[in-house]
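The values are calculated or read from the model by the stated rules, or taken from the named source; none is laboratory data. In this text, all values refer to a predicted model and were calculated from it rather than measured experimentally. Neighbour counts run over all protein chains shown; Cβ positions are idealised from the backbone, glycine included.
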Amino acid sequence: MKVLRTIAECRESFEKRLNIGFVPTMGALHAGHVELIRRCRAECETCVASIFVNPTQFGPNEDFSRYPRPLDLDLERATEAGADYVFVPDVDEVYSNDVVTVNVTGVSDQWEGAFRPGHFDGVATVVLKLFNIVVPKRAYFGLKDLQQCAVVSSLVRDLKLDVELQFVETIREASGLALSSRNNFLSEDQRTQAAELYRTLRWAAQQIATRQESVEVVLAMGRKELERHGMAVDYLALVEPATMKQITAHSGNSRIIAAVRVGSVRLLDNVSTANP
Ligand code: AMP
């Protein structure tokens, strides 16, 4: 595995390579990231991962400075998972005095876009920059960040990018808790509490899929259940994933999305209503 620090090194390394697969990450790699790298390794000739804590996708009062950065461990994990290259740029390599920002409208307006203004501009901008640096044929993203998948899909479609997107189902702890770099901030008790999020989402998905109750009633009951377990609920909704629009009836690919706060840690998760 080779570590690349600059755009020039990337251009030189990737110029003649066909069929590059790419896994963008912010590091603090866990089994979810490892799964994306493994998939990329299995399906592409060259597997490139990036580790870049992107400042533009964090709000002023968010956790950019305390975001975990265990680089040595990350490089070990990426190597074990099969990455040929890991691109680890400094902020100055990616941003200078930029005057261009990518703004994906529509899919980014609600949910995370509403709770984290500017977040998806930062995501879309950095993803486009990274795609231009790595020039992948395929790129791998986790469905855990469902709205991010919709934003990146819109980016690729509207800007006619020649990148095939692959979305990978969420990897979870045995308790059901979706793996996330931010789980490092949870105490043992909070971890137990956080596992109730997945349990509640599964329950709601089953209720909605079998049409036991109206979607509205199920979501109201789900919200109460989350609150009963000490979570503050930012949103809990049934959406159509391509548009991220709220819907009121189960469809073949609808998903229930949630964002909750456990103490100061904000957790996202979502489940399909197709096979709950
Ligand atoms: P991050 O480092 O949080 O920006 O995540 C990098 C990529 O890994 C994104 O495409 C995420 O959606 C994906 N990812 C994060 N957590 C998981 C998980 N538990 N299972 C699968 N993919 C994940």
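The table below lists the values:
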item: Residues located in the stretch 139-162, provided they are away from the ligand (no atom under 13 Å from the Cβ) and surrounded by fewer than 21 Cβ atoms within 10 Å (Cβ to Cβ); result: Ser154, Val156, Arg157, Asp158, Leu159, Lys160, Leu161, Asp162
item: Hits in the stretch 1-31 (condition: without any contact (Cβ under 8 Å) to a residue 12 or more places away in the chain and among the aliphatic types (A, V, I, L, M)); result: Ala8
item: Wholly within the stretch 1-120, helices (runs of 4 or more DSSP H) carrying at least 2 residues that are under 15 Å from Phe131 (Cα atoms) and away from the ligand (no atom under 12 Å from the Cβ); result: 7-14, 91-94
item: Selection within the stretch 228-253 - in contact (Cβ under 8 Å) with a residue 24 or more places away in the chain and hydroxyl-bearing (Ser, Thr, Tyr); result: Tyr235, Thr243, Thr248
item: Qualifying residue in the stretch 139-148 (condition: of a type in the set (Lys, Arg) and more than 30 Å from Gly230 (Cα to Cα)); result: no
item: Enumeration of residues in the stretch 163-194 that are crowded, with 18+ Cβ neighbours inside 10 Å, among the β-branched types (Val, Ile, Thr) and either assigned to a strand (DSSP E or B) or more than 14 Å from the ligand (Cβ to nearest atom) (or both); result: Val168
item: Residue list for the stretch 121-137, filter: more than 13 Å from the ligand (Cβ to nearest atom) and under 21 Å from Ile20 (Cα atoms); result: Ala124, Thr125, Leu128, Lys129, Phe131, Asn132, Ile133, Val134, Val135, Pro136, Lys137
item: Residue match in the stretch 229-247 (condition: within 16 Å of the ligand (Cβ to nearest atom), at pLDDT 95 or above and part of a strand (DSSP E or B)); result: no
